[in-house]
Amino acid sequence: MQTLNVNLGDRSYPIHIGSGILARTGELLNQVGLSGKVAIVTNPTVAQFYLEPIQAALSKAGFTAVPILLPDGEAHKNSISLQMIYDRLIAERFERKSSILALGGGVVGDLAGFAAATYLRGVPYVQVPTTLLAHVDSSVGGKTGVNHADGKNLIGAFYQPKLVLIDIAVLKTLPRRELIAGLAEVIKYGVIEDTALFGLLEQQIDKLVQLDSDLLSQTIATSCAIKAKVVEADEREDDYRAVLNFGHTIGHALEAVTGYTELLHGEAVGVGMVKAAALSMRQGFCDQISFDRIVRLIGKAGLPTEIPGKVSLASLIQAMEVDKKAAGGKIKFVMCEGIGKTRFHHLAPSEILAALSA
Ligand code: NAD
Ligand code: GLY
């Protein structure tokens, strides 16, 4: 097992990464001072594989575990699921020192984290992510929240976990399409911060899809270290943390116009990164060779690189304008300056339309 730290003063926490470490959940929770009651927030898809093992690991360390099963899927990342969590916590008489454990992908993690941030004005929680996306992105950094009918993640809070426990063995049951979607965020870290990671992915991305343990651990650790560094520098996204949105401005818009059903988040980000790199090249920030490498790697991962034909560019721009990153009529983009370096740049909708139509 390897351990990284997110250094945020009294909100600091460890990220443990290893294979088979789910069995050590109880002991690792004890190490960060947790004991007593723990609510395991999960869904039936994940529970069928991992609820029993995690309950056993917790009871071995003296915890009283209370499973809370929510319906699976992004459509359920809402206030109804949140209410279900609050209802159970109240019924089971959870107190300030009781804790919450998120066992699942980003949907479960964001919901459980927001419940923890708000129940009794805040109870401790831990992230046990089970998708690649959640391993490298959503479990680290303390963004929690739910969707509103008018938009994704509109209700939320910054609230850091006490611990992140990443067991790479759980990826064996993850559908291949979800695994590949998670690779989009790994590629993102290479483009924004790390030329060596990008080069490694160019050479060995096939081995990641085949779940090579050593490479997975190494890549997940590198990704988490980059995310931790960004979060440590700008926890509440006053500015720099927005670098993590590379490819997400167009990606989020694509998800919205296709009704959140056609493309997985990582797939939309794959297309978004290609288009953000194209915009960067058009603005003179990115050279042709780097652009070609980015497009090639995203394609090699098995991610889409083109906007689906039926999506109208006008509707896409409209969706970007209502996104929370739009300000003063211009849209804030993370642009890449080749590979491993970025800058922010604001673009008028007409400039984006011209670039996407070219
Ligand atoms: P998800 O949570 O919907 O999980 C994808 C699917 O895989 C689900 O059906 C889930 O039940 C299933 N699953 C999870 N683990 C499994 C396993 N080990 N074996 C078999 N099936 C498994 O999707 P996701 O991609 O993990 O997360 C997407 C969510 O994360 C979005 O809501 C997004 O907004 C959020 N997100 C949050 C942050 C953040 O910083 N908080 C960052 C990125 C994304
Ligand atoms: N996934 C973007 C962030 O955590 O800021």
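Just so it is clear, none of the values below were taken in a lab; they were calculated from the coordinates. Since this is a predicted model, take the numbers as computed values, not measurements. Methodologically, a virtual Cβ is constructed for each residue, glycine included, from the backbone with ideal geometry; neighbour enumeration extends over all protein chains shown.
Tabulated results
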item	result
Table column - 3J(HN,Hα) (Hz), the range 27-41, Karplus curve with 6.51, -1.76, 1.60, x for Gly and Pro	4, 6, 5, 4, 4, 9, x, 9, 7, x, 8, 9, 8, 9, 8
GluC sites (Glu not before Pro) within the range 22-96, DSSP loop, no more than 14 other Cβ atoms inside 10 Å	92, 95
Mean separation of Cα contacts under 8 Å (6+ apart) over length of the chain, as relative contact order %	14
Backbone HN-Hα couplings from phi across the range 4-13 [Karplus 6.51/-1.76/1.60, Hz, Gly and Pro as x]	10, 10, 9, 9, 9, x, 6, 9, 5, 7
For residue 286, residues with placed amide H under 5 Å, excluding near neighbours	281, 338
Student exercise, the range 244-303 dipole from Lys, Arg, Asp, Glu Cβ charges, in Debye to nearest 20	200
Distant-in-sequence amide H partners of residue 104 (H built 1.01 Å from N, under 5 Å)	128, 130
In degrees, nearest ten, helix 44-60 long axis to first principal axis of the chain (Cα)	40
Distance between the range 115-142 and the range 339-358 - C-alpha centres, whole angstrom	32
Most mobile listed residue (140, 128, 170) in the chain, GNM with C-alpha springs under 10 Å	170
0 to 90° range, to nearest 10: angle between helix 106-118 axis and the chain longest Cα axis	60
Length-normalised contact order for the range 98-253 - Cα pairs under 8 Å, 6+ apart - percent	20
From phi via Karplus (6.51, -1.76, 1.60), per-residue ³J(HN,Hα) for the range 232-242 in Hz, x at Gly/Pro	4, 7, 7, 4, 9, 6, 5, 7, 4, 4, 4
Ascending count of other beta-carbon atoms within 10 Å, so fewest first, for 144, 342, 305	305, 342, 144
Net charge over other residues, Cβ less than 14 angstrom from the Cβ of residue 172 (K, R count +1; D, E count -1)	-2
Residues 138, 98, 12, 357 arranged by fewest to most Cβ contacts within 10 Å	357, 12, 98, 138
If the convex hull is drawn through the Cα atoms of the chain, its volume per residue in Å³	121
Shape call, the range 31-167: gyration tensor on alpha carbons, a/c limit 1.5	rounded
Net charge, residue 34 excluded, C-beta distance under 9 Å - Lys, Arg +1, Asp, Glu -1	+2
Between the range 225-270 and the range 152-173, the alpha-carbon center distance in angstrom	15
Hydrodynamic radius of the range 126-166 per Kirkwood, over alpha carbon pairs, in Å	10.9
Degrees separating the helix 313-322 axis from the principal Cα axis of the chain, which is the longest one	50
Distant-in-sequence amide H partners of residue 147 (H built 1.01 Å from N, under 5 Å)	78, 153
